[in-house]
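Down below is the structure, laid out as structure tokens.
The values are calculated or read from the model by the stated rules, or taken from the named source; none is laboratory data. Predicted model only: the values in this text are computed from it and were never measured. Here the Cβ is made from the backbone with ideal geometry for all residues, glycine too, and neighbour counts use every protein chain on show. These area figures cover heavy atoms from the full protein model, side chains too; ligands, DNA and RNA do not enter into them. Shrake-Rupley method; radii C 1.70, N 1.55, O 1.52, S 1.80 Å.
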Amino acid sequence: MMAGAGEDARALFRAGVRAALEAWPALQIAVENGFGGVHSQEKAEWLGGAVEDYFIRNADLELDEVEDFLGELMTNEFDTVVEDGSLPQVSQQLQTMFHHFQKGDGAALREMASHITQRKCKVKATALKAAKETDGDQDDADSVEEMEVKGVTATNDGATTDGVSPKPEPSDPNSQNIKEEDIVEDGWTIVRRKK
């Protein structure tokens, strides 16, 4: 591989890594919600370079090594445990891109990055459309609002909660008590609007 071609492939690999990470919902949720603190966006940008360097320094990575590395970065930098099944998928994408980089296959790298970016745009457009449709249904004052985020568990102390939060203790005696019928079978609590 010529020096110019190697630099071009490296730039394409870098772009592919960034595209894969930007399309990764677990990372985007962590960034958008500030799980990494006030510098979450900067950490996400740094993460792209760290992943790229990790592959360059370790030529024969196994899939589980990549998963472990990404999982450790998410835990250390964003206090986030990824449990949504996306870790193996993102790891596989990154590993496939790295194999194309090693072969100097710039066309395959471009195609993968483009495919990932297009898929990310479709997901955002669908989410936006669903959000707009939901806004029209909020007229009923007695409607029950339920929100459930599965797969990503953020913790302040690094401990996982297995998706079940302990029953919160009321800090104010006049605060609203959680009624027994509001706790559903799987441990989630239904949150109702104040009347």
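Points worth noting:
- Overall dimensions of the stretch 11-63, expressed as equivalent-ellipsoid semi-axes from the Cα gyration tensor (√(5λ), whole Å, largest first), are 22, 11, 10.
- Farthest positive-ward along the stretch 1-89 dipole, Cα basis, beta-carbon charges - from Leu12, Gly71, His39: Leu12
- The stretch 19-99, accessible surface, carbon-and-sulfur percent (1.4 angstrom probe): 47
- Each part gets one Cα centre, and for the stretch 13-71 versus the stretch 75-113 those centres are 9 Å apart.
- Relative contact order %, the stretch 10-93, counting alpha carbon pairs below 8 Å whose residues are six or more apart: 36
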